[in-house]
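Participant: Have a look at the structure that comes next, please.
The values are calculated or read from the model by the stated rules, or taken from the named source; none is laboratory data. As the structure is a prediction and not an experimental result, all values here were calculated from the model. Note that we place each Cβ from the backbone using ideal geometry, even for glycine, and neighbour counts take in every protein chain shown.
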Amino acid sequence: MTRKQRQEPARRLKSSGALVRCLELLLVSSGLVACAAPQPSPATTEPAGTGSTAASVHLNVRFAGRIGCATFPYNCTATLSVLEPNTDIPDAWRPPSTDPWWGPDYSQGTTGETFDPKPLGGSLAAAPGPHRLVLSLLGSYDTPSYSPDGSRAFDLLGRCTADLEIGPDARSVDVLVTFAPDPANFRATCTLEAGAP
């Protein structure tokens with residue numbers, strides 16, 4: 001066997017490896033494009049951790065009613081999103097991880113029937129002007145599932161919206177979210193009311 005004959009399989013392997021890498025890159029990038037869905041635009045809010053300023057108004061969020069989605073092996077959260085006015089929210093839309101959210105209140109045992117009043121995540125503020133508030137009740141089993149884009153998948157258990165006009169002199173806005181659980185599954189209906197205190 002000549003030297004040229006010995007090198008030929010190695011060249012084929014190198015070029016086929018490069019081809020495989022190119023195909024993987026092409027598939028991944030086209031998959032990401034195919035999985036990317038248009039997302040509603042969030043309204044401008046203040047960065048997390050800053051206090052209310054002239055350009056931001058604090059949202060005082062309270063919960064009423066009961067939930068039935070926080071029982072082993074299932075869990076749920078409530079997430080509040082502040083979006084542009086008249087934004088259409090498809091069922092497939094999920095709020096960004098930077099939006100404020102609440103976990104169940106397990107202080108009375110292993111089943112939470114309400115949400116802990118302390119928010120986690122992003123800021124509870126919005127700029128003066130028109131907004132659409134969206135409360136998403138999201139759930140998942142303790143063994144997580146993942147979306148095609150690699151993010152954790154959550155079931156949409158309920159969603160409610162309210163359109164709100166925040167005046168230029170407002171310092172805070174009261175937001176009341178009321179839940180009513182569906183006894184047949186983990187879902188719930190909700191209503192969202194918002195206005196000046």
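Participant: Counting only residues that are of a type in the set (Phe, Trp, Tyr) and outside any loop (DSSP other than H, G, I, E, B), which one in the stretch 89-115 is modelled with the lowest pLDDT? I'd like the intermediate steps shown before the answer.
Facilitator: Quick first cut of the stretch 89-115, residues of a type in the set (Phe, Trp, Tyr) only: 93, 101-102, 106, 115.
With the extra rule that they be outside any loop (DSSP other than H, G, I, E, B), the set shrinks to 101-102, 115.
On the way: Trp101: 96, Trp102: 96, Phe115: 93.
Looking at the filtered set, the residue picked out is Phe115.
Participant: On to the next question. Could you list all residues from the stretch 130-149 that are surrounded by fewer than 21 Cβ atoms within 10 Å (Cβ to Cβ), touching a residue at least 40 places away in the same chain (Cβ under 8 Å) and either closer than 19 Å to Ser172 by Cβ or among the aromatic types (Phe, Trp, Tyr) (or both)?
Facilitator: Correct list: Pro130, Arg132, Tyr141.
Participant: Select from the stretch 68-103 the residues that are closer than 21 Å to Asp182 by Cβ and among the β-branched types (Val, Ile, Thr) and list them in ascending order.
Facilitator: Of everything in the stretch 68-103, those that are closer than 21 Å to Asp182 by Cβ and among the β-branched types (Val, Ile, Thr) turn out to be Thr71, Thr77, Thr79, Ile89.
Participant: Whether any residue in the stretch 126-144 is within 19 Å of Phe186 (Cα to Cα), among the charged types (D, E, K, R), assigned to a strand (DSSP E or B) and touching a Phe, Trp or Tyr at 6+ places or on another chain (Cβ under 8 Å) is what I want to check. Before you say what the answer is, go through the steps one by one.
Facilitator: Taking the stretch 126-144 as the starting set, the residues that turn out to be within 19 Å of Phe186 (Cα to Cα) are 135-144.
Next, from what is left, pick out any that are among the charged types (D, E, K, R): 142.
From what's left, assigned to a strand (DSSP E or B): none.
No, that holds for no residue.
Participant: Using the structure shown, decide if Arg152 is loosely packed, with under 15 Cβ neighbours inside 10 Å, more than 25 Å from Gly68 (Cβ to Cβ) and in contact with a Ser or Thr (Cβ under 9 Å, 6 or more places away or on another chain). Explain how you work it out, then say what you get.
Facilitator: Working: loosely packed, with under 15 Cβ neighbours inside 10 Å: yes; more than 25 Å from Gly68 (Cβ to Cβ): no; in contact with a Ser or Thr (Cβ under 9 Å, 6 or more places away or on another chain): yes.
Criteria not met by Arg152.
Participant: Collect the residues in the stretch 154-195 that are over 19 Å from the mean Cα position of the chain (by Cα) and among the small types (Gly, Ala, Ser), keeping them in residue-number order.
Facilitator: Gly167, Ala170, Ser172, Ala180, Ala184, Ala194, Gly195
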